[in-house]
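Inspection log for the structure reproduced underneath, given as structure tokens.
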Amino acid sequence: MPKLVKPLTDLQISKTKAKGKDITLTDGGGLSLLITANGGKLWRLRYTFEGKRNMLSLGSYPATSLSDARAKRDEAKKLIERGINPSEHRKATKAAKAEMNANTFEVVAREWIQKTSPSWTPANTTVVTRQLENNVFPWIGTCPVSEVEAPELLAVLRRMEDRGVIETAHRVRTICGQVFRYAIATGRAKRDVAADLRGALTVVKKKHLPAITDPAKVADLLKAIDAFEGSFVVKSALRLAPLVFVRPGELRKAEWSEIDIEAETWNIPAEKMKMKEPHLVPLSRQAVAILKELQPLTGRSRFVFPCSRSATRPMSDMALIAAIRRMGYEKGEMTPHGFRAMARTILDEVLQVRPDFIEHQLAHAVRDPNGRAYNRTAHLAERRKMMQTWAEYLDGLKAGAKVIPLHGRIV
């Protein structure tokens, strides 16, 4: 007849001291409390499985109370009755949890950023990371990436729409789609649920960046730039902007090492370009004159247009915007990016330049008849002619001349 064991009480546990050596208090059903010589109190469960004796740790007292320990004992016995070893079950559960934690949406997303971001600009890496941290991780970051469903992601994006950032919600959906596709490629998800949300978000009304494209108003803008009384470096950047019509960031970050004044070219490396392809800008005589005038002032620094506070950094993104506002142009009238739309519109509609020459000079994706991307030197002679014609056209506008559209396109 098995020996009867008197159940433990909390009072008994709290009063019992080890007195310099380990002692064990039994509660029945294989459950016992080991009180160590240094005062620790540890729950143990002894059980037999497939003829072999085993021991399972159930936690420490009082973090695991007497009633909690008994509940864990009873759960273990139920597993044994079902033919499951409690120790192996715990290991499997722990491994599954570790795998789940290693494959949450946030973990996979950060891994994707780490793998992909070397080909991005630092600014893009920061933007993507912040979008996820602010708008996605707080709600689905801890969910296993394979278990995120379309309605859950839609709820995340709806919160953004409710805040009025509809365009950002669309961008975040695109980012999440890239994360899901990476998860699929690495065997941690079966499908891209972001793709299921196509058409589910509020349609974005396309807004064109403000730009001046009327020749008469362009003439006024060019005269305002020549009359600008701010920093000479900023004024030089403003004068060069319409002549080269690159993106504002590419202009601000121009380096003297990229510019060959003798060859009248500006070679922008791939890492600075939106399309991650190197870009060549033929420089008109007017553009070269601006750079030669600026070179004695900033030629010893790395950047053509250095920051006013530190020559080791390029001009800030607000410098050109502030200058345009100081000249009296409002936010809805003109932006630094507007010089691109200005050139594109007038080169096409007034000077009748072939559209592919313009698109290539804007560093947009241009394909040859066989579908291949043109390289950076494609149509260089024609583009050089276009850039010089454009510079002379702008000079004519400033001088008040009536510039007649060319008959036929630059070919």
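The values are calculated or read from the model by the stated rules, or taken from the named source; none is laboratory data. In this text, all values refer to a predicted model and were calculated from it rather than measured experimentally. Cβ coordinates were reconstructed from backbone atoms using ideal geometry, including for glycine residues, and neighbour counts include every protein chain displayed.
Could you list, ordered by first residue, the pairs with Cβ atoms under 9 Å in which the first is in the range 132-147 and touching a residue at least 24 places away in the same chain (Cβ under 8 Å) and within 11 Å of Cys176 (Cβ to Cβ) and the second is assigned to a loop (DSSP other than H, G, I, E, B) and of a type in the set (Asp, Glu), at least 6 apart or interchain?
none
Go through Arg285, Arg326 for me and flag whichever is farther than 25 Å from His360 by Cβ and either crowded, with 16+ Cβ neighbours inside 10 Å or assigned by TED's automatic domain parsing to the domain that holds Phe232 (or both).
Just one listed residue meets the conditions, Arg326.
For every residue, the table says whether it meets (1) at pLDDT 95 or above; (2) under 26 Å from Met273 (Cα atoms); (3) in contact with a Cys (Cβ under 7 Å, 6 or more places away or on another chain).
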| residue | (1), (2), (3) |
| --- | --- |
| Val218 | no, no, no |
| Ser231 | no, no, no |
| Leu243 | yes, yes, no |
| Arg247 | no, yes, no |
| Glu250 | no, yes, no |
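Would you confirm whether any residue within the range 33-55 is small (Gly, Ala, Ser) and part of a strand (DSSP E or B)?
There is no residue in the range 33-55 that is small (Gly, Ala, Ser) and part of a strand (DSSP E or B).
Would you check if Leu291 is within 23 Å of Glu382 (Cβ to Cβ) and at pLDDT below 95?
No; evaluated as a whole, the condition is false for this residue.
A quick yes/no check of all residues on (1) over 20 Å from the mean Cα position of the chain (by Cα); (2) farther than 24 Å from Thr125 by Cβ; (3) hydrophobic (A, V, I, L, M, F, W, C):
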| site | (1), (2), (3) |
| --- | --- |
| Gly177 | no, no, no |
| Tyr182 | no, no, no |
| Ala185 | no, no, yes |
| Arg188 | yes, no, no |
| Leu201 | yes, yes, yes |
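Report yes if Ile166 is among the hydrophobic types (A, V, I, L, M, F, W, C) and either more than 22 Å from Gly199 (Cα to Cα) or at pLDDT 90 or above (or both), otherwise no.
no
What residue, among those in the range 63-97 that are part of a helix (DSSP H, G or I) and hydroxyl-bearing (Ser, Thr, Tyr), is modelled with the lowest pLDDT?
Thr93
Do you know which residues across the range 1-20 are assigned to a loop (DSSP other than H, G, I, E, B), more than 25 Å from Glu81 (Cβ to Cβ) and modelled with pLDDT of 85 or more?
Listed by number, the list holds a single entry, Thr9.
Within the range 362-411, which residues are part of a loop (DSSP other than H, G, I, E, B), touching a Pro at 6+ places or on another chain (Cβ under 8 Å) and at pLDDT 60 or above?
Once the filter is applied, which keeps residues that are part of a loop (DSSP other than H, G, I, E, B), touching a Pro at 6+ places or on another chain (Cβ under 8 Å) and at pLDDT 60 or above, the range 362-411 yields only Arg376.
Looking at the range 188-202, which of its residues are farther than 14 Å from Val172 by Cα and exposed (fewer than 13 other Cβ atoms within 10 Å of the Cβ)?
Across the range 188-202, the qualifying residues are Lys190, Gly199.
Could you tell me whether Arg300 is modelled with pLDDT under 95, surrounded by fewer than 20 Cβ atoms within 10 Å (Cβ to Cβ), assigned to a loop (DSSP other than H, G, I, E, B) and not aromatic (Phe, Trp, Tyr)?
Yes; evaluated as a whole, the condition is true for this residue.
Evaluate the range 338-347: report whether one residue or more is assigned to a loop (DSSP other than H, G, I, E, B) and surrounded by 18 or more Cβ atoms within 10 Å (Cβ to Cβ).
Scanning the range 338-347, I find no residue that is assigned to a loop (DSSP other than H, G, I, E, B) and surrounded by 18 or more Cβ atoms within 10 Å (Cβ to Cβ), so the answer is no.
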